[in-house]
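The values are calculated or read from the model by the stated rules, or taken from the named source; none is laboratory data. Model, not experiment: these values are computed from the prediction. Cβ placement follows ideal geometry from the backbone for every residue including glycine, while neighbour counts extend to all protein chains displayed.
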Amino acid sequence: MDTSLLDKMNELIKENKIYACTITTDNGIVFKNGEGTTSLTANVRDAGADKTDQFEIRWKKDDVDLAVGKTVVVHARDIAKKAVYRFEALEGAIVRGSYEVTVSNVSDGADGKNGTKGKDGVGVAGVDVQYYKSSSATVLSGGVWQTNAPAWENGKYIWTKTVITYTDGRTGETAAVCMTGSDGGEGADGRGVQSIVEQYYKSASATVLSGGTWSGTYPGWENGKYIWTRSMVTYTDGSSKMTEAVCVTGGKGDSGKDGIDGKGIKSVAKYYLASTAVSGITAGTAGWTTAMQTTTTSKKYLWNYEVVTYTDNTTYVSTPVIIGTHGATGPAGQTGPTGADGQMLYATSGTAAATAAKAATLVSGTIALKAGVTVAVRFTYANTAASPTLNINGTGAKAVYTQGVRYAYWSAGATVIFTYDGSYWRVASEPVYASTATIGNPVGLNIYADGSAVNIRNGTTILAKFANNLIELGKNSASSEINLCNGAGSIEAYNSNMAASGLFVRGEKIRLSAKGAGESGASSVASVEVGSSNVNLDGNIYFNGTLFENKIKWKLLKEVSNTSFGAVTVPSNLGSYTEFLLTAGPFIAGDTAQNNRVLASTVIPVDALRNTKGRPDTNGVHQAYYSSTYWAGINYISDTTIQIKASAAGAIARLWAR
C-alpha cells in the first residue's frame, strides 16, 4: 500500500477518534425525600488508560450549560423529580466523547397494594473471563475461546469477554473486546503477556462505579449491588495495562423462590513451570511451583495452570497453557566511542586544623559514594583534631581510619588519598616516601625522619634523636632517664641548672667488669661493684664506711724520740694493712709545733717489710734519713711486732699504717 495513503488513513482515524466515557459518583444517582448530595466525576479513557485531564469537560443539566470541570456537585434540593446530567469531552471545538446519567429525587408515597407474586429470581452463579487469539484486530478469526490467557504471538490479536452463569442455568456474556492493537511501525523490542489478574468491584449502580473498591477476590453476589470486572495485564517488559471496567450482572429481578445453595470461589492457586517442551505438559508434570519461574535459552517456554477451589470445597483444574516464551538474544550493539582518559578525583579542603568535621569540594567531576571510590584531597591546614570525619561534595560525614585505627593526622599543605570501603574513608596514601616524613600529630607527639636522623618530638621540639653514630635523650629537657627491666635499674642525667646535676647509674647493685657476676670466669677479671653499703674491688671490700679509715687514711701506730729501738705491737697482724709510712723530724721538748715537722719519710709496702724478716739492722732495715742528726729506722720482727728507733741526737720517729 502507498505509504501516503496509509498516512492519510491514519490521520482520518485520528481526527475522528472517539474515546470511551463514563461517570462515577460518590453517593449514587438517586435521592430520597430531597436530601443529600452526590459528586459526578467525568472519566475519559483510551484502551483503559485515563485521558480525562487531556480534554476540556463541559457539563449540561437537561441540555442547559452547567459547568466546566472534571467534577460537579449535585444537591437533591436542585432536582424536582429527575434531571439528565451530561458531559462532553472537547479537544478544541471537537467533541471526542460524551456520557450522561439521570439523577432522580424520589419521595416516599403511600404503601401500595401487594403485587402479584413474581417469578423466581435469578442469581449469579459464576463469572469467568475468557480469551480468544484472533488473526484479526476487528473480527474473531482463526481461534477458540479459552479461560487461560494465551501467550502473545506476533501478528495475532488477543480478545476478551466475560461469561456470566446464572443460578437458573442461563448464561450471558459481555461484548468481545480486542486487547491488542494492530501492528505499528518497527519499534522497541516486543513483549509477551506475563500474567493477567482479574479484579472485581461491587457497585451500587449498574451504570457507574459507586460505593465500592476494586479487589482481586470475587466479592459474591449481593441484592441491590452490581458486580463489575476488569483485568490487569502485566507484560514481560514489566509494563502493565488495565482493561475497561464492565458490569457483569444485570439489574435486580423480581423476588423468586429460594434457589439451591450456590457456590463461590474460595481461592485460586496459580502454578508455573519453565520447560523445554512446547507441548505435552500436564498438571501432573514434575517441577510446578507457585512462584513465577524464570525462562532460559533452553527452558524457553513458561507454562501456567490454575486450581480453583469453590466454597463447597470442590475444585477445578485448568489445562496448562504457555503464557510466555523466552526471547532470543538480540544482535550485538555497535562498539561505543572511545571514552576520555580517566583520572583520579581531586578535591580541596580549607577546614581549620582543630575542627574534626573536615569538608572537601571536588575540583572537577562528580562523586557517587560507593565502595572503592578513591579521592585525593589537598588540605590547606594540618589536622590536629582527634577522630576526624570527611564529607566530600555533601555526600555526608564519614569516619576516617588509618590502618584500622580511628585517627588521622597530616601537616598543612598535605595531599592525602582516601578510599571509601562502603562505610568509612580509609587513608590509602601511606607509607609516604619523601626526603622528610612526620608520623603522628604534627603539633603533638610525633616521629620526624629526615636524611640524617630519626627524631622523637613534641611539635617541633626534639625530645630524643637517633643518628648513625649518636643517640641523644632529653635533648631539650632538664633531665633524661633510661629505665631498665621495669625499674631494676636506670641511667639518669640532669643538666647543670639543677642541684643534682650530672650522670647517675642507679640500681640495687652496679658492676663494672668485662664479665657479668654470674658469668663463667667472672672472679678472674677485674671488677668494680657498687652496692647500697659498700664498694668492692676485684671481689674484696674496699670501702664500706667503717673500713675507710684502715684502707684509705694513714693511722699512727707508734711514736718514739731520742731513744734506741722501741717495740711496736701491731693490732691484729700485718695482714690488716697494705703499706707503712715512716717519718723522721726534730724533737724539741715542750715545743709541739716543732715536733710536728717532717724532715724525711719513706713508704714501705707490707711485702717489702716482711721480706726483711730475720735480718735486723742496728739503725733499722728501712730508714727515713734526713741527716746524721735526724733519722728513723724500723726492723720487722713478726706480723705482730715491729721495732722502731729514732736518732739519739734529738730526733722523733713515727710509724703510720693503712
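What is the number of the single condition among (1) outside the structural domain of residue 603 (by TED's automatic domain parsing); (2) at pLDDT below 65; (3) among the aromatic types (Phe, Trp, Tyr) that residue 565 does not meet?
Evaluating residue 565 over (1) outside the structural domain of residue 603 (by TED's automatic domain parsing); (2) at pLDDT below 65; (3) among the aromatic types (Phe, Trp, Tyr) leaves (1) as the failure.
Tell me which residues, restricted to the stretch 310-334, are closer than 21 Å to residue 268 by Cα and touching a strand residue (DSSP E or B) at 6+ places or on another chain (Cβ under 7 Å).
Correct list: 310, 311, 315, 316, 317, 318, 319, 320, 321, 322, 323, 324.
Of all residues in the stretch 617-626 being in a loop (DSSP other than H, G, I, E, B) and touching a residue at least 12 places away in the same chain (Cβ under 8 Å), which is surrounded by the fewest Cβ atoms within 10 Å (Cβ to Cβ)?
The selected residue is 617.
Mind counting the residues in the stretch 249-263 that are surrounded by 16 or more Cβ atoms within 10 Å (Cβ to Cβ) and either modelled with pLDDT of 75 or more or charged (D, E, K, R) (or both)?
Looking only at that region, the number is 0.
Has the stretch 451-458 got at least one residue that is within 22 Å of residue 348 (Cα to Cα), among the hydrophobic types (A, V, I, L, M, F, W, C) and either at pLDDT 90 or above or touching a Cys at 6+ places or on another chain (Cβ under 9 Å) (or both)?
no
Looking at the stretch 123-143, is at least one residue over 30 Å from residue 222 (Cβ atoms), modelled with pLDDT under 85 and of a type in the set (A, V, I, L, M, F, W, C)?
Scanning the stretch 123-143, I find at least one residue that is over 30 Å from residue 222 (Cβ atoms), modelled with pLDDT under 85 and of a type in the set (A, V, I, L, M, F, W, C), so the answer is yes.
Please indicate, with yes or no, whether at least one residue in the stretch 182-194 is hydrophobic (A, V, I, L, M, F, W, C), modelled with pLDDT of 80 or more and surrounded by 18 or more Cβ atoms within 10 Å (Cβ to Cβ).
Within the stretch 182-194, none of the residues are hydrophobic (A, V, I, L, M, F, W, C), modelled with pLDDT of 80 or more and surrounded by 18 or more Cβ atoms within 10 Å (Cβ to Cβ).
Condition first: over 15 Å from residue 561 (Cβ atoms), surrounded by fewer than 16 Cβ atoms within 10 Å (Cβ to Cβ) and either touching a residue at least 40 places away in the same chain (Cβ under 8 Å) or not hydroxyl-bearing (Ser, Thr, Tyr) (or both). Now tell me which residues in the stretch 638-657 satisfy that.
640, 641
Could you list, in sequence order, all residues of the stretch 230-247 that are more than 47 Å from the chain's Cα centre (by Cα) and either part of a strand (DSSP E or B) or not assigned by TED's automatic domain parsing to the domain that holds residue 213 (or both)?
Listed by number, the residues that qualify are 230, 246, 247.
Quick check, is residue 437 surrounded by 14 or more Cβ atoms within 10 Å (Cβ to Cβ), modelled with pLDDT under 85 and either farther than 29 Å from residue 506 by Cα or under 43 Å from the mean Cα position of the chain (by Cα) (or both)?
In short, yes.
Yes/no per residue for (1) surrounded by fewer than 18 Cβ atoms within 10 Å (Cβ to Cβ); (2) out of contact with any Asp or Glu (no Cβ under 7 Å at 6 or more places or on another chain):
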| site | (1), (2) |
| --- | --- |
| 29 | no, yes |
| 33 | yes, no |
| 36 | yes, yes |
| 56 | yes, yes |
| 64 | yes, yes |
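Inside the stretch 294-309, can you point out the residues that are loosely packed, with under 12 Cβ neighbours inside 10 Å and under 24 Å from residue 268 (Cβ atoms)?
294
Check whether at least one residue in the stretch 299-308 is touching a residue at least 12 places away in the same chain (Cβ under 8 Å), assigned to a loop (DSSP other than H, G, I, E, B) and in contact with a strand residue (DSSP E or B) (Cβ under 9 Å, 6 or more places away or on another chain), and report yes or no.
Yes: one or more hits.
Please go through the stretch 136-171 and give me each residue that is over 20 Å from residue 323 (Cα atoms) and in a strand (DSSP E or B), ordered by number.
163, 164, 165, 166, 171 - these are the residues of the stretch 136-171 that are over 20 Å from residue 323 (Cα atoms) and in a strand (DSSP E or B).
Of 51, 32, which residue is among the basic types (Lys, Arg) and more than 60 Å from the chain's Cα centre (by Cα)?
32
Within the stretch 126-135, track down each residue that is surrounded by 17 or more Cβ atoms within 10 Å (Cβ to Cβ) and in a loop (DSSP other than H, G, I, E, B).
none
Residue by residue, here is whether (1) at pLDDT 85 or above; (2) among the polar types (S, T, N, Q); (3) within 19 Å of residue 579 (Cα to Cα) holds:
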residue: 601; (1), (2), (3): yes, yes, yes
residue: 605; (1), (2), (3): yes, no, yes
residue: 609; (1), (2), (3): yes, no, yes
residue: 622; (1), (2), (3): yes, no, yes
residue: 640; (1), (2), (3): no, yes, yes
residue: 644; (1), (2), (3): yes, no, yes
residue: 654; (1), (2), (3): yes, no, yes
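Would a scan of the stretch 406-423 turn up a residue that is out of contact with any helix residue (DSSP H, G or I) (no Cβ under 7 Å at 6 or more places or on another chain) and without any contact (Cβ under 8 Å) to a residue 24 or more places away in the chain?
Checked against the condition, which is being out of contact with any helix residue (DSSP H, G or I) (no Cβ under 7 Å at 6 or more places or on another chain) and without any contact (Cβ under 8 Å) to a residue 24 or more places away in the chain, the stretch 406-423 yields at least one hit.
Select from the stretch 35-48 the residues that are part of a strand (DSSP E or B), under 53 Å from the mean Cα position of the chain (by Cα) and hydrophobic (A, V, I, L, M, F, W, C) and list them in ascending order.
42, 44
What's the number of the only condition in (1) without any contact (Cβ under 8 Å) to a residue 24 or more places away in the chain; (2) under 28 Å from residue 443 (Cα atoms) that residue 368 fails to meet?
Tallying (1) without any contact (Cβ under 8 Å) to a residue 24 or more places away in the chain; (2) under 28 Å from residue 443 (Cα atoms), residue 368 fails exactly one: (2).
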